[in-house]
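Okay, so here's the structure we're looking at.
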Amino acid sequence: MDMHLAGKIGVVVGAARGIGRAIAYGFAAEGATAVLIDRDDAVDQTASELAIECGTIARAYRADVARFDDMTAVAAEVRKDFGRLDHLVFAVGIGSGKFGFPFWNIAPSDWPRVMEVNVLGAVHTLHAFAPLLLERKEGSVLLVASVAGQMGSQTDPPYSASKAALINFGQCAAKDLAPHGVRVNMLCPGMVKTELNRSIWEAWARQQPADQRKTYEEWTDEKIRRVTPMGRWQEAEEMAAMAVYLASPHGRNICGQCLNVDGGFVMH
């Protein structure tokens with residue numbers, strides 16, 4: 001299926017690693033120019049590898065989503081370098097670094113940084129880049145949320161609450177931008193092997209007696225069997241496939257939706 005993204009400009013915020021990296025590759029594989037933004041130094045290497053492997057233009061920029069000045073500055077650079085923006089993806093997410101069951105295991109002081117990055121980071125990003133999308137009067141925005149934001153996950157309440165807020169903000173943005181031809185949707189991954197997923201296990205393991213600790217593989221395999229009807233991991237590349245489809249003309253009537261790629265974890 002032709003996704004008709006050749007020659008388009010796709011900006012992926014949080015593109016150095018994990019799901020964001022896979023989405024940047026997905027755009028590039030379809031012939032789009034990939035603009036990679038991250039605070040992580042690895043974004044430069046990711047852009048170089050992507051350009052070589054996909055044979056397309058890829059450019060890396062450094063910025064911290066928690067700093068609005070950073071995001072307005074990088075949006076100005078993208079405008080100067082490319083003149084326009086077609087598709088924007090926000091794929092940034094952090095957890096508290098603690099296991100949150102019960103919720104009082106996590107101090108109130110552990111919440112602000114998670115909200116600052118996961119929620120205000122998206123607000124900063126959309127404020128900075130929305131003018132470029134409004135000028136085009138077409139395009140798409142994708143916010144990478146989580147199934148945790150739909151179900152009150154006890155694993156990490158700050159993370160879960162931040163993703164719920166991200167989904168709600170995305171719906172507000174979808175209503176505001178739709179009359180201007182710009183679609184906003186939310187992608188909700190389930191169980192994906194990322195550094196964030198592993199950090200949740202590490203936080204859990206620190207609370208367990210030594211004789212009751214499970215390896216990461218044991219812990220995740222047990223959890224997948226318990227919560228995912230299909231009983232298997234989801235892959236970052238599957239998130240990229242959905243992201244590419246939503247950006248394409250095939251998704252032109254999908255707006256303000258949460259699309260779960262989760263093996264049946266959450267069903268509506």
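Taking A174, is it at pLDDT 95 or above and part of a helix (DSSP H, G or I)? So A174 passes the test.
No other residue among S153, S146, S162 is over 17 Å from D86 (Cα atoms), small (G, A, S), in contact (Cβ under 8 Å) with a residue 24 or more places away in the chain and outside any helix (DSSP H, G or I) apart from S146.
Exactly one residue out of S109, S96 is touching a helix residue (DSSP H, G or I) at 6+ places or on another chain (Cβ under 7 Å), among the hydroxyl-bearing types (S, T, Y) and over 22 Å from A240 (Cα atoms), and it is S96. Scanning the stretch 222-259 for residues being of a type in the set (V, I, T), buried (at least 18 other Cβ atoms within 10 Å of the Cβ) and either within 30 Å of I9 (Cα to Cα) or touching a residue at least 40 places away in the same chain (Cβ under 8 Å) (or both) gives a total of 1.
So which of A75, A66 is modelled with pLDDT of 95 or more and under 24 Å from S248 (Cβ atoms)?
A75
If you go through the stretch 56-65 one residue at a time, do you hit one that is buried (at least 16 other Cβ atoms within 10 Å of the Cβ), in contact (Cβ under 8 Å) with a residue 60 or more places away in the chain and among the acidic types (D, E)? Scanning the stretch 56-65 turns up no residue that is buried (at least 16 other Cβ atoms within 10 Å of the Cβ), in contact (Cβ under 8 Å) with a residue 60 or more places away in the chain and among the acidic types (D, E). Let me spell it out: the conditions are (1) more than 20 Å from E30 (Cβ to Cβ); (2) out of contact with any helix residue (DSSP H, G or I) (no Cβ under 6 Å at 6 or more places or on another chain); (3) in contact (Cβ under 8 Å) with a residue 12 or more places away in the chain; (4) not charged (D, E, K, R), and W219 meets all of them except one. Which number is the exception? The number of the failed condition is (2).
Among the helices (runs of 4 or more DSSP H) confined to the stretch 186-268, the ones with at least 3 residues that are modelled with pLDDT of 85 or more and under 20 Å from the mean Cα position of the chain (by Cα) are located at 236-247.
Among the residues of the stretch 140-162, is there at least one that is over 29 Å from G264 (Cβ atoms), under 15 Å from the mean Cα position of the chain (by Cα), of a type in the set (A, V, I, L, M, F, W, C) and crowded, with 18+ Cβ neighbours inside 10 Å? Among the residues of the stretch 140-162, not one is over 29 Å from G264 (Cβ atoms), under 15 Å from the mean Cα position of the chain (by Cα), of a type in the set (A, V, I, L, M, F, W, C) and crowded, with 18+ Cβ neighbours inside 10 Å, which makes the answer no. R17 passes every criterion in (1) in contact (Cβ under 8 Å) with a residue 60 or more places away in the chain; (2) under 19 Å from the mean Cα position of the chain (by Cα); (3) crowded, with 20+ Cβ neighbours inside 10 Å; (4) at negative phi apart from (3). Return yes or no: is L36 part of a strand (DSSP E or B) and surrounded by 15 or more Cβ atoms within 10 Å (Cβ to Cβ)? Criteria met by L36.
The values are calculated or read from the model by the stated rules, or taken from the named source; none is laboratory data. What you see is a predicted model, and the numbers here were worked out from it, not measured in a lab. When we count neighbours, we look across all protein chains shown, and the Cβ atoms used for this are built from the backbone with ideal geometry, even at glycine.
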